[in-house]
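Colleague: I'd like to ask some things about the structure below.
Read-outs: derived from the displayed coordinates by stated rules, not from any lab. Remember, predicted model here, so these are calculated numbers, not experimental data. Here the Cβ is made from the backbone with ideal geometry for all residues, glycine too, and neighbour counts use every protein chain on show.
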Amino acid sequence: MEAYNRYIIPVLILSIFGLGSGCHAMKQQPEQKSTQTMDPASINAPTKAPLAPVSWTYKAEKSDRKPNAVHIIFTAVIQPRWHMYSTEYIAEGPIATSFKFENEEQLDVLPINELTKPIKKKDENFNVFVKFFENKAVFETTVQAKVPMDKLIANIEYMACNDKMCLPPKEIRFEIPIVYSAK
């Protein structure tokens with residue numbers, strides 16, 4: 001949370017007030033009275049959906065290499081003109097993508113592998129070199145249960161940016177069913 005407050009809040013403030021990279025300061029307009037009336041049909045009109053530049057899926061199958069283990073592949077599809085940061089933590093940089101499993105004390109979790117090669121480039125929003133993905137990112141791991149369980153719960157935290165702004169870090173949760181029991 002400290003990293004969130006230190007990096008994201010200033011980015012949001014800069015974006016809101018138009019002081020960030022690629023943003024333009026907004027001039028306050030004098031207040032004008034409107035003589036236009038509201039159409040009652042517009043009250044229930046759909047509102048613009050929130051930004052969701054990254055969508056996630058997973059594929060899980062029983063591991064052939066370890067007993068009572070599941071091999072999991074996570075895939076992030078990233079919309080054009082957006083990017084998502086790698087799993088590598090960089091001091092003074094953006095929030096790195098991270099994977100956490102609930103009840104980790106009851107699991108053996110192999111390190112997350114990035115199957116997609118990240119792009120390394122200086123990020124002007126943070127003024128540091130970072131690694132990030134565009135279009136698609138694929139990650140894999142193997143998780144072995146030490147005790148019987150019927151599902152794994154994975155939480156993924158990631159941050160997406162474009163050339164004008166960064167969205168606050170987002171966390172998604174997957175419940176991954178498993179069809180084995182630990183011995």
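Colleague: Explain nothing, just the number: dipole magnitude of segment 64-152 about its Cα centre with +1 on each Lys and Arg Cβ and -1 on each Asp and Glu Cβ, in debye rounded to the nearest 20. Could the numbers behind the result be given before it?
Modeller: Values: 12 positive and 13 negative charges, 68 e Å.
Charge dipole of segment 64-152: 320 debye, to the nearest 20.
Colleague: Could you tell me the distance between the Cα centroids of segment 48-109 and segment 131-183, to the nearest Å?
Modeller: When both Cα centres are located, 3 Å separates them.
Colleague: ³J(HN,Hα) across segment 52-59 via Karplus (A = 6.51, B = -1.76, C = 1.60, θ = phi - 60°), whole Hz, x for Gly/Pro?
Modeller: For segment 52-59, the Karplus curve yields 9, x, 10, 10, 10, 9, 9, 9 Hz.
Colleague: Taking 0.36 nm per intervening residue step and subtracting the Cα-Cα distance, what contour gain separates E114 from A91 on full extension?
Modeller: Result: 6.3 nm gained on full extension.
Colleague: Evaluate the distance, in nm, between pseudo-label points positioned 7 Å from the Cα of E124 and of Q79 along their respective Cα→Cβ axes.
Modeller: The two pseudo-label positions are separated by 2.1 nm.
Colleague: What does the extension gain come out to for L51 and V138, with contour length at 0.36 nm per residue minus their alpha carbon separation?
Modeller: Length difference between fully extended and current span is 29.2 nm.
Colleague: Hey, can you grab everything whose amide H is under 5 Å from the amide H of I178? Only 5+ residues off in sequence or another chain; H modelled, so Pro and N-termini drop out.
Modeller: Residues meeting the criterion, in which the H sits 1.01 Å from N, are K151, L152.
Colleague: For segment 130-139, in order, what is each residue's ³J(HN,Hα) by Karplus, 6.51 cos²θ - 1.76 cosθ + 1.60 with θ = phi - 60°, in whole Hz (x at glycine and Pro)?
Modeller: In residue order, the calculated couplings are 10, 10, 8, 10, 10, 6, 7, 9, 10, 10 Hz.
Colleague: Also, I was wondering about something else. Suppose each label sits 7 Å from its Cα in the direction of the beta carbon; what would the E61-E102 distance come out to in nanometres?
Modeller: Between E61 and E102, the label points sit 2.7 nm apart.
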